[in-house]
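Remarks on the structure that follows.
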Amino acid sequence: MRILIVGAGVAGMTLAALLRRQGLDPTMVEKAPNLDHAGYMLGLWPLGYRVLHGLSLYDRFAAESIPGNHYEVRSDDGSLVHNWSMEPISRKFGPNLSCTRPQLVRLLREELGDLDLRYGTGVSSIEQGNSDVLVEFTDGSSGEFDLVVGADGIHSQVRALVFGEAPTYDTGWGGWVWWASLETLPKETFMEHWGAGRFVGAYPTHDGAGIFAGGPRGDGLEDPGPGRRDRIRAHFAGMGERVDAWLEALPDDDKSLFYWKLLDIRSEEWTKGRVVLLGDAAAAFLPTAGIGASMAMESAAVLADELSRTDQTTLPHALSLYVKRRRDRVERIQDDSRHLARAMFVKSGTLAHIRDLITKHYSLEQLAKSIAKAFDEPI
């Protein structure tokens with residue numbers, strides 16, 4: 001089967017690795033020139049990383065990751081709201097492992113060996129026939145394929161060309177991402193400060209503590225250039241000593257700093273003919289539950305499973321089965337991420353105070369019902 005995977009991110013790489021195990025040899029294109037800057041920190045729940053067992057990559061991944069044994073939420077002034085132990089989940093299903101996205105992508109890339117991976121190449125047109133798909137690439141070349149997989153992220157070109165634009169869910173917030181010393185964070189702890197009009201989170205990796213500091217867009221917080229460092233430090237002042245330490249690690253104004261708009265998409269269609277969407281191209285996630293990469297890897301495993309039981313003639317039916325197995329589960333968990341965003345990202349001091357009082361009495365299962373339920377559901 002001639003398979004084209006567009007996008008060399010977590011979803012695309014995982015699918016390619018699984019297909020190679022089946023004896024297939026997909027083609028992959030990636031619009032970035034290389035994988036040198038493949039992102040920042042991410043967490044993988046057992047839902048996602050158990051795929052790595054089947055690729056014989058889990059032990060290497062776990063050795064290079066940090067388990068999140070505690071999840072701690074603090075208030076606007078740094079006071080403790082709740083510290084949840086992750087041990088009950090870890091004991092039954094496995095730990096939440098914190099890593100960097102480049103680390104995971106590199107691990108998967110090594111597994112792919114001599115795969116035909118073309119960097120600096122995107123898709124310019126997709127034309128479906130009765131039994132194949134003609135694809136023209138941005139480098140001027142073209143190819144015919146039995147299947148095209150759009151794994152090219154939230155701004156998917158495959159989705160735009162074949163399905164049109166997807167509805168966007170926009171929180172109206174965004175934030176900056178940078179690195180601080182791991183010593184500024186309690187051991188094996190995800191720590192978040194849920195403020196009023198501001199949010200700061202810190203997540204451990206072997207590369208350091210990944211920091212995300214966000215607030216409502218349009219307040220000037222997102223402005224780059226001169227004064228950026230002072231604006232960010234002023235906006236998050238008074239949130240506690242640990243936040244002060246993270247702010248000290250802010251790069252100077254002339255240094256590159258990634259700004260993340262907190263929005264997601266939900267495609268109205270996942271498959272059409274011999275084209276299918278995977279990962280963020282189908283349903284992108286807010287970072288609020290740290291579940292997006294896990295869902296992408298699960299979806300890749302399901303798609304690979306369905307492809308292992310079909311051929312070119314019955315391929316569209318196999319793709320429809322993939323959608324039936326995945327869409328409801330993914331969208332329920334996406335709803336959980338949106339629900340958490342509404343709790344985390346509030347402007348009003350009064351609402352923030354009420355939220356903190358309620359959160360003191362919440363279990364992890366209550367915070368993310370669909371995610372907790374998903375641990376015991378088959379895929």
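Key figures for this structure:
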| item | result |
| --- | --- |
| Number of the condition not met by D77 [criteria: (1) part of a strand (DSSP E or B); (2) out of contact with any helix residue (DSSP H, G or I) (no Cβ under 7 Å at 6 or more places or on another chain); (3) not assigned by TED's automatic domain parsing to the domain that holds G292] | (1) |
| Residue in segment 288-304 that is surrounded by fewer than 16 Cβ atoms within 10 Å (Cβ to Cβ) and of a type in the set (S, T, N, Q) present | no |
| One residue from G225, G208, G195, G215 being over 30 Å from Q103 (Cα atoms) and either in contact (Cβ under 8 Å) with a residue 12 or more places away in the chain or surrounded by fewer than 18 Cβ atoms within 10 Å (Cβ to Cβ) (or both) | G195 |
| Counted residues, segment 345-379 - those being modelled with pLDDT of 85 or more, crowded, with 17+ Cβ neighbours inside 10 Å and assigned to a loop (DSSP other than H, G, I, E, B) | 2 |
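The values are calculated or read from the model by the stated rules, or taken from the named source; none is laboratory data. Computed from a predicted structure; not experimentally measured. When we count neighbours, we look across all protein chains shown, and the Cβ atoms used for this are built from the backbone with ideal geometry, even at glycine.
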